[in-house]
Structures are given as structure tokens and as C-alpha cells.
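Colleague: Quick one: this structure, given as C-alpha cells, is what I'll be asking you about.
The values are calculated or read from the model by the stated rules, or taken from the named source; none is laboratory data. Every value quoted in this text rests on a predicted model; they were computed, and no experiment measured them. Neighbour counts are summed over all protein chains in view; Cβ atoms, including those assigned to glycine, are modelled from backbone coordinates with ideal geometry. These accessible areas exclude ligands, DNA and RNA; they are computed on the full protein's heavy atoms, side chains included. Shrake-Rupley method; radii C 1.70, N 1.55, O 1.52, S 1.80 Å.
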Amino acid sequence: GIQSSEDHQYQSCAYLVFKPLKIGLTSIRVTLKKSNLQQSIILNSYEKLSINRDHLLLTTWSEYTLQLSNGPFNFLDQDSFKYEITPVDNHVDFKQESNLLHIKCRKPIQHEQYYISKQNPVTKQNLCSIKSTVSIDITCQSTIHSLSLQPILESECPLINRDYLVNHFDEPLFVKVLAYDEHQIQFDNFTSLKLDCSIKSNEHLADLHLN
């Protein structure tokens, strides 16, 4: 409702207090009947900009795609947003595709903090631009410390322990290769490195295919 104002900073005799209940846009019209005056504004409510990862560990020349969501938006053109990324350097490349952000490491860096911002433009309906910012910690390095193999199993069978695996005959077995740094932190992507795999079997018990 309308509340009287005793605070001179509002420069008015009354002010309106709004509490958004949902995300979106709504038009609000205020009418002063006695003076036959009216004014309308558009209220834009949004959730803070969010990102699906807050840190990345990549090998140099590897890539990763981040997904961003929410943040302020331009109600006239929701596809016109460009994310602002700071700092700008030659260690990491950023390429935007809608709400996706493709990242590519070019040079080694350690725990560099990057800030990604989304801001709606100033218009006649939106005199005060709003910015929402998230941060991500990125590390790029040229070497890995250790590897491990992780079979992808749909059930508890076949049997498996650390170094031994029993699989059903003539059924494919998918194995994920995981890489770690010296602190045993798993890499998000290390495909820029050459991966050479082989099977030691004198009886040709299995074939190997790399993806």
C-alpha cells in the first residue's frame, strides 16, 4: 500500500513499497484521482545469476562448457544479453552461446578468479540498470599427476574390486579414464593431452575402442 514518508531522501509526501512474489515482469500504474494524474512503471523481478560450477581444473588447450541461468533480463529482447567477463587476459578464452559459456585454456594459470556479470540495459522503462555477478576459480596446467580407470556399470554385477573386473561375455564394458593433479583433485577435462591405451592379452580376449 501507500505509506506516508517522513524521510526527506524520497523527495515526496508518500512512497510505494513492493515485494516481488514471482519472477517476471509486471506493469504498475499509480493514479491520483483528484488531480487526474497517473504514472506507470514496469517492475522486473529476477533471481541472482547462477553458474553450474564454481571452480575448474583443466589441462592447457582443453575446453569446458559452463551453463549460466537467471540474472536480470531485457524484457524487450531477452536474447541480446552479453556476459561481461573480467579480467580479460590471454590465458583463457571465453565464447558465449546463448546461456552457455565455452571456456578454453591457452596458458597455465593457478587459481585465477574470473567474474562473470549480466546486466540489463537502461531504457525509458528501466532507468536503473541492474547487474548480477558470479565468480569462478580456473586452474590450467600442462601436466597431470595420476590416472585411474572407472568402469561404468549399470548394476552391481559384474564383480569389481580395485584391480580386478569380471564382465559378461560379448557385452561392451565402458571405462572412464580419470585424471588428477598433485593434490588428488580431479580434472574436469584433460583431452588436450595424448592418451595412449592398449590391452595386454595373448589370446585376444578383448578389443579396445577409444572415444
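Colleague: Which residue pairs have Cβ atoms under 8 Å apart, sit 6 or more places apart or on different chains, and have a first residue in the stretch 170-188 that is modelled with pLDDT of 80 or more and charged (D, E, K, R) and a second that is open to solvent by 60 Å² or more (accessible area, probe 1.4 Å) and not in a loop (DSSP other than H, G, I, E, B)?
Modeller: K176/L149; K176/Q150; K176/I152
Colleague: I would also like to ask the following. Please find, within the stretch 19-38, the residue that is most open to solvent (accessible area, probe 1.4 Å) out of those that are under 39 Å from the mean Cα position of the chain (by Cα) and at pLDDT below 80.
Modeller: Here the answer is L25.
The rows are residues; the columns are (1) in a strand (DSSP E or B); (2) crowded, with 17+ Cβ neighbours inside 10 Å; (3) at pLDDT 80 or above.
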{"residue": "Q110", "(1), (2), (3)": "yes, no, yes"}
{"residue": "C128", "(1), (2), (3)": "no, no, no"}
{"residue": "T139", "(1), (2), (3)": "yes, yes, yes"}
{"residue": "P151", "(1), (2), (3)": "yes, no, no"}
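Colleague: Any residue at all in the stretch 96-117 that is without any contact (Cβ under 8 Å) to a residue 12 or more places away in the chain and more than 27 Å from K22 (Cβ to Cβ)?
Modeller: yes
Colleague: Moving to a separate point now. Going by what's in this entry, would I85 be described as in a strand (DSSP E or B), in contact (Cβ under 8 Å) with a residue 12 or more places away in the chain, within 19 Å of L127 (Cβ to Cβ) and not small (G, A, S)?
Modeller: The answer is no for I85.
Colleague: Looking at (1) closer than 28 Å to C197 by Cα; (2) at pLDDT 85 or above; (3) assigned to a loop (DSSP other than H, G, I, E, B); (4) polar (S, T, N, Q), which is the only condition T65 fails?
Modeller: (3)
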